[in-house]
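Worksheet: the structure to be examined is printed underneath.
The values are calculated or read from the model by the stated rules, or taken from the named source; none is laboratory data. Model, not experiment: these values are computed from the prediction. With ideal geometry, Cβ positions are generated from the backbone for all residues, glycine too; neighbour counts draw on all protein chains shown.
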Ligand code: NAD
Ligand code: UDP
């Protein structure tokens, strides 16, 4: 049976994940409002949707209240790359907190379902491996990553409290490192940096000794997980981990990208940034059980698609959002 069309707000909808989510929702014939201040994204990410009658774009900052009538809200607005969120850390934490308060207020008023894009960063530099949702984390509250990590933790608190106090219909997903086409080529994240550097014949900048690990999920898998979480029964508020359990060291990632791009670039070592987590791998037992979800695209395949997209773009068309890349 076709699902009923919903009025859906996607904050941060012009970003890397948000733009793909908007595409999926527009294709499913929902009425989609994309709200974004374009801090870390480009209008070009959603320009192909502007002619669709069920898509609207609003330039707005999520820290400022806005009056809309909607049935569902996906709250993705927040800079996500370390270089982006550390550029103006006070603004970052305001975005998480005021943004959460504003979308939760809207959800309470409209009786809407609201999903928070939380992060594996709530686990900080984890002492438990892999990380299940029950692990409460190891975050330095005053370090350079805290504006993001603590902002996202406090946003989870607000979501849980609105649910307890007002029975607001909330969902929390904890997203692990995700990559794919439409990542900003100058966001400073490891996948975009390595691919850009490899394609331009520049040295790949490997931080530390490259032994730190991450688990990379392809964009399409991740967005499917988010949509399933929104559609899940109301009792399932989360948090639920979404990510690909395949774990790789940054040295392995660099070698894989050099191999796939057939680049002659060398690897150059740079100091490890403070508080950089040593390892990260999602335990996705809950997502498997409750959402019947698991990633289907493995790293090599996802990297090939991402590299194809990076080859297709003109880097000069992208304005670096911050000098940190
Ligand atoms: P992104 O930077 O591409 O997207 C974020 C979007 O939010 C951008 O379009 C940006 O312009 C917008 N934005 C930022 N501040 C805003 C504000 N104050 N008001 C309105 N819009 C604002 O990053 P992404 O990777 O697409 O991340 C999307 C969400 O998913 C973020 O909330 C991020 O924390 C979360 N997340 C992403 C990952 C990942 O690996 N991609 C991992 C964990 C969590
Ligand atoms: N990293 C790296 N070179 C780069 C960018 C990042 O070696 O040019 C490392 C970084 O130190 C971290 C990992 O890659 O250990 C992932 O970094 P990213 O910024 O993509 O995301 P994080 O998971 O740290 O938020």
Considering residues of segment 215-228 that are part of a helix (DSSP H, G or I) and touching a helix residue (DSSP H, G or I) at 6+ places or on another chain (Cβ under 6 Å) only, the residue nearest to ligand 1 (Cβ to nearest atom): 219
Single condition residue 244 does not satisfy, out of (1) away from ligand 2 (no atom under 12 Å from the Cβ); (2) free of Cβ contacts under 8 Å to residues at least 40 places away in the same chain: (2)
Any hit, segment 117-126, residues being under 21 Å from residue 235 (Cβ atoms), at pLDDT 95 or above, in contact with a helix residue (DSSP H, G or I) (Cβ under 9 Å, 6 or more places away or on another chain) and not in a loop (DSSP other than H, G, I, E, B): yes
Members of segment 70-85 found to be in contact with a helix residue (DSSP H, G or I) (Cβ under 7 Å, 6 or more places away or on another chain) and either free of Cβ contacts under 8 Å to residues at least 24 places away in the same chain or not in a strand (DSSP E or B) (or both), listed by number: 70, 76, 77, 78, 79, 85
Long-range neighbours under 6 Å by Cβ, at least six apart or interchain, first residue in a loop (DSSP other than H, G, I, E, B) within segment 187-198, second surrounded by fewer than 23 Cβ atoms within 10 Å (Cβ to Cβ): 188/83; 188/324; 188/325
Unmet criterion (only one of (1) surrounded by fewer than 17 Cβ atoms within 10 Å (Cβ to Cβ); (2) part of a loop (DSSP other than H, G, I, E, B); (3) more than 16 Å from the chain's Cα centre (by Cα); (4) within 15 Å of ligand 1 (Cβ to nearest atom)) for residue 5: (4)
Near pairs, Cβ below 9 angstrom, 6+ apart or cross-chain, from segment 8-37 (closer than 20 Å to residue 174 by Cβ) to any residue that is within 16 Å of ligand 2 (Cβ to nearest atom) and assigned to a helix (DSSP H, G or I): 16/219; 17/219; 17/222; 20/219; 20/222
Count of residues meeting criterion [closer than 21 Å to residue 309 by Cα and within 16 Å of ligand 1 (Cβ to nearest atom)] in segment 178-214: 19
Hits in segment 78-95 (condition: more than 12 Å from residue 39 (Cβ to Cβ) and within 9 Å of ligand 2 (Cβ to nearest atom)): 82, 83
Matching residues in segment 259-279 - criterion: being crowded, with 18+ Cβ neighbours inside 10 Å and in contact with a helix residue (DSSP H, G or I) (Cβ under 6 Å, 6 or more places away or on another chain): 261, 263, 265
